[in-house]
1. Just to make sure I understand: if all protein chains stay in place, what is the order of Val79, Val16 by accessible area at 1.4 Å, largest first?
2. By accessible area of protein heavy atoms, probe 1.4 Å, what ranking do Glu34, Glu53 get, highest first?
Amino acid sequence: MIRLNRIIQITALTGVVLVSSGCYSVMARASNTEPMVYPGVQYKSSGDTAPAEQVVRLIDLPVSFGLDTALLPFDILGVALSGSPKEVAAETK
């Protein structure tokens with residue numbers, strides 16, 4: 001019985017960490033950056049990262065990879081329609 005309670009506590013703590021951390025795929029898409037493929041996997045947080053954030057990032061990485069893979073067709077379309085800023089600058093010259 002004590003072992004079951006311990007498993008429930010660890011599962012609950014892991015769930016709270018995952019829910020409170022936010023998903024890097026959503027954070028990368030919500031920021032005002034240019035469209036890219038697999039933005040959640042490539043997302044870089046600003047400033048110094050605390051060790052706790054690095055652990056959360058490792059936990060979130062498989063989730064971000066899965067969501068980015070599911071949204072890959074939309075990302076490719078967004079990249080194709082937006083064009084690179086370098087390409088736009090070259091066209092205006």
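1. So, going from the largest accessible area down, we get Val16, Val79.
2. Ranking Glu34, Glu53 by accessible area, largest first, yields Glu34, Glu53.
The values are calculated or read from the model by the stated rules, or taken from the named source; none is laboratory data. What you are looking at is a predicted structure, and each value in this text was computed from that prediction instead of being measured. Just so you know, the surface numbers come from the protein's heavy atoms only, side chains and all, with ligands and any DNA or RNA stripped out. Shrake-Rupley method; radii C 1.70, N 1.55, O 1.52, S 1.80 Å.
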